[in-house]
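Beneath this line is the structure, given in structure tokens, with notes to follow.
The values are calculated or read from the model by the stated rules, or taken from the named source; none is laboratory data. Keep in mind that what you see is a predicted model, and the values were worked out from it rather than measured. FYI the Cβ positions are ideal-geometry reconstructions off the backbone, even for glycines, and counts take in every protein chain you see. Please note that ligands, DNA and RNA were not included when accessible areas were found on the heavy atoms of the full protein model with its side chains. Shrake-Rupley method; radii C 1.70, N 1.55, O 1.52, S 1.80 Å.
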Amino acid sequence: MKLYNGNMSNFATKCRIAIYEKRCPVEIAPIPGGGFKSPEYLKIYPMGKTPSLDADGMIIGESEVINEYLEEKFPTPALLPKSPEARARVRTLTRFHDLYLDPPLRALFSQIDPKTRDAKIVAEKLAESTTRFDQLEKMLSEGGFAYGADFSFADCALAPTMVFATNMLAFFGAKSVLEGRQKLARWWNQVQTRPSVKKALGEMTEAIAEFRRQQSG
């Protein structure tokens, strides 16, 4: 099994956390051809996105689908709770991340350079991000991990995006997403101590730093 991966991608990092947590026999491989749209990679995965998983010849795309597949293939340790109700709560958090929390942050990537920044877009996306983090604060558990006492796919999804949120928003003069959000701050401090998270976020942070060096050089 092989995960086609970009360390800087929060969605690929979501899958790496699950792989490290489960200790799955999955090779972490770079994108063939050096880019998502390279002919070599498009032959493998025509969507040209990361991550994708080569599961013994079957290509699986979309980080959440990959993680669900890994859960069924390698059920121990479980990253979904036992009860249907608790599973629904975890999946609600992961879908909230993918559909609502990530998009406004992603839209800000192209606005980092002050010379080409669109003030209207920045204001809109910062406001939307504030709303989403307020909603997340209400959704998080009072103690333990994102949902309950057990580490789950919700933590896998949210942790990588927090790397972007806690670093990138400062470029726009926005206050920390942790300010005034006690549950989010508590969870963020705790989840970073998880070995699987610590390893994957370390890889992600290093990749971001390398990208910045290349951009400035």
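When the listed pairs Lys37/Lys115; Lys37/Lys120; Lys2/Lys22; Lys49/Lys120 are checked against a 23 Å cut-off, the alpha-carbon distance exceeds it for Lys37/Lys115; Lys37/Lys120; Lys49/Lys120. For segment 184-197, putting each phi into the Karplus relation 6.51 cos²θ - 1.76 cosθ + 1.60 with θ = phi - 60° gives couplings of 5, 5, 5, 4, 4, 5, 6, 5, 5, 8, 5, x, 5, 5 Hz, in residue order, rounded to whole numbers and with x for Gly and Pro. For segment 60-215, carbon and sulfur atoms together expose 54% of the accessible surface, with a 1.4 angstrom probe and every protein chain in place. Once all protein chains are placed together, Arg194 keeps about 70 Å² accessible to a 1.4 angstrom probe. Amide H contacts under 5 Å for Asp150: Phe145, restricted to partners 5 or more places along the chain or on a different chain, H placed in the peptide plane at 1.01 Å from N. Counting only DSSP H runs of at least 4 residues, each contributing -39500 (n - 2.57), and dividing by the residue count of the chain, the helix-based mean residue ellipticity at 222 nm comes to -17500 deg cm²/dmol. With all protein chains kept in place, the per residue accessible area of the chain amounts to 51 square angstrom at a probe of 1.4 angstrom. Positive-end ranking of Thr130, Thr76, Ile28 along the dipole of the chain, with charges on Cβ about the Cα centre, is headed by Thr130.
Each residue of segment 83-100 was assigned a 3J(HN,Hα) from its phi angle through the Karplus curve 6.51 cos²θ - 1.76 cosθ + 1.60 (θ = phi - 60°); the sequence is 7, x, 5, 5, 4, 5, 5, 5, 5, 4, 5, 5, 5, 4, 4, 5, 9, 10 Hz, with glycine and proline shown as x.
Sorting the segments 27-33, 195-201 by their residues' average number of neighbouring beta-carbon atoms within 10 angstrom, most packed first, yields 195-201, 27-33. Placing Glu206, Glu62 in order of accessible area, with the largest value first and a 1.4 Å probe, yields Glu206, Glu62.
Evaluated with a Cβ-only charge set (Lys, Arg +1; Asp, Glu -1), segment 107-217 carries a dipole of roughly 200 debye about its Cα centre, given to the nearest 20.
In order along segment 134-143, the phi-based Karplus estimate (6.51 cos²θ - 1.76 cosθ + 1.60, θ = phi - 60°) of 3J(HN,Hα) comes to 5, 5, 4, 3, 6, 7, 5, 5, 6, x Hz; Gly and Pro are listed as x. If one puts a single equal scatterer on every Cα of the chain and applies the Debye formula without solvent, what log₁₀ I(q)/I(0) results at q = 0.10, 0.12, 0.14 Å⁻¹? Values returned for q = 0.10, 0.12, 0.14 Å⁻¹ are -0.45, -0.65, -0.89. Computed on protein heavy atoms with a 1.4 Å probe, the accessible areas place Glu68, Glu85 in the order Glu85, Glu68, largest first. Gyration tensor analysis over the Cα atoms of segment 1-48 returns equivalent ellipsoid semi-axes of 21, 11, 8 Å (largest first, whole Å). For segment 130-181, the Kirkwood estimate of hydrodynamic radius, built from reciprocal distances between every pair of different alpha carbons, is 11.9 Å.
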